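Scroll down for the structure; my scribbles are underneath it.
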Amino acid sequence: MYRGRFAPTPSGDLHLGSLVTALASFLDARAADGQWLLRIEDVDIHRCRPEFESNIKHELERHGLHWDGPVARQSDRQELYWQALDQLNLSGCVYVCHCSKATLARKGCLKNSEGEFVYPGFCRSLPATNEPLEASKSLSSVRFRVSEQETCFADRRQGPQCSFVSREAGDFVVRRADGCFAYHLAVVVDDHLQGVTHVVRGSDILPLTARHLLLQQALGYEMPAYLHVPVVLSPDGSKLSKRDSSTALKVTSANENLQRALSHLGIVLPDELTGSSVEEIVANAVLYWKAVSNHGF
C-alpha cells in the first residue's frame, strides 16, 4: 500500500513553497488511493516552536489537506535515533569527530554548493568506541563513513541521478556536536519505521538524497520511491524563507493559495473551478494528478 508523508519543520509559518510540497505529496498519495501522514520534524530544538506547529496544522486543514492517523514528532523519537546510531557504530559505519567548523575553515577545507564543508576525514583514524554512543556523553559530532563509490537512483520526476557523496560532502554528520540528531539520520529512520513507501519533497533536497540512500543501505532499510518537485523562489531567485512573514499563507485566501501552488506544479484549473471551495479544487487536482502520473511525469 502507498504511504506518503509531509514533514515540515516548525521554525516559521507555512508559506507558498511549503504548500507546494504539501500539496504535491498529498495529491500523489490520494491519486494512488494511499495514506498521507503528517510528521513534525522538530529534531532541531533550537529552531522549532510550538506555535509554528499549530500554524502548520491549521493551514493544512484550511487548504483541504487532511492527514491520516496521529501526528508524529521527531522530538518524541530520540530513542529510535539512538538505536539506529548505535547500530551504525557497531558496524563501523560512523565515528566520533572533534572538528569544529572553525577548525575546518582554518585547515582550508572546501565548501560544496550547499555551503557545507566537504569533510576529508581528519578524525577517521581515531580509536573507535564499542560502547553505546549515548553512554559516551560526547560533545563532539558523529560522522558517517562514506566510501568512494557512486550512488545512483531514479527520481520519478527528475530522472536518473548519480553522485559521489565522498566528493560532494565527504563523511557527513549524523549527530551534531550540540546534541541534535542530523536531518539525514532522523528522516531515514522515520521514513522506514513509519512504513513510508513514497517520498515527495522539494528539489532543494535532491542533492542530499544520495546520503539518505547510503544510510538506508547501512541500516538494511528498503529505499522508498522519490519524487522531487521544483521549489518556489523569491523575486531575487532565492528560496522562500520562513523568516519572511510577508510570504506566509495566512495573509491570503486558501482558494488563491491553492491556485498558485497548483500553477507552480503545472496544473491550471478550468475557469469554472476558480471560485470553487478548497475541497472541490483539491478533488479535481487529485484527478488531474492521477491522469498525469499514470502516464509518467
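A few notes on this one:
- Extending 7 Å from Cα along the Cβ direction at N112 and again at Q78 yields two label points whose distance is 2.8 nm.
- Any cysteine of the chain lacking a neighbouring Cys Cβ under 4.7 Å - listed by number: C48, C93, C99, C109, C180
- The trypsin sites (Lys or Arg not before Pro) of segment 24-120 meeting both criteria, a DSSP state outside H, G, I, E and B (loop) and at most 14 other C-beta atoms within 10 angstrom of the site's C-beta, are R47, K107.
- Length-normalised contact order of the chain in % [C-alpha pairs under 8 Å, at least 6 apart]: 24
- Gyration tensor (alpha-carbon) shape descriptor, segment 1-41, a/c threshold 1.5: oblate
- Cβ-Cβ distance of S277 and V71, R₀ of 30 Å, FRET efficiency by 1/(1 + (r/R0)^6): the value works out to about 0.75.
- If you count Lys pairs in the chain whose Cα atoms are under 27 Å apart, skipping same-chain pairs closer than 8 places in sequence, the total is 13.
- A 1.4 Å probe over all protein chains sorts H15, H98 by accessible area into H98, H15, starting with the largest.
- Angle in degrees between helix 78-90 and the longest Cα principal axis of the chain, rounded to the nearest 10: 40
- Nearest-ten-degree value, helix 50-62 long axis tilted from longest Cα axis of the chain: 30
- Accessible surface computed residue by residue for the chain, with neighbouring protein chains in place and a 1.4 Å probe, gives 47 Å² per residue.
- Here segment 57-126 yields Rg over Rh of 1.19, to two decimals, using C-alpha coordinates and the Kirkwood radius.
- Take every DSSP beta bridge whose two residues both sit in the chain; close to 55 percent of them are antiparallel.
- Residue-averaged 222 nm ellipticity for the chain, from DSSP H runs of 4+ at -39500 (n - 2.57), nearest 500: -10500 deg cm²/dmol
- For the chain, the longest principal axis of the C-alpha atoms and the axis of helix 278-294 are separated by about 60°.
- Within the full protein context, the accessible area of I45 is estimated at about 110 Å² for a probe radius of 1.4 Å.
- Just the protein heavy atoms count here, and of the accessible area of the chain at 1.4 Å, carbon and sulfur take up 52 percent.
The values are calculated or read from the model by the stated rules, or taken from the named source; none is laboratory data. No experiment lies behind these values; they were computed from the predicted model shown. No Cβ is skipped: glycine too gets one built from the backbone with ideal geometry, and neighbour counts run over all protein chains shown. Please note that ligands, DNA and RNA were not included when accessible areas were found on the heavy atoms of the full protein model with its side chains. Shrake-Rupley method; radii C 1.70, N 1.55, O 1.52, S 1.80 Å.
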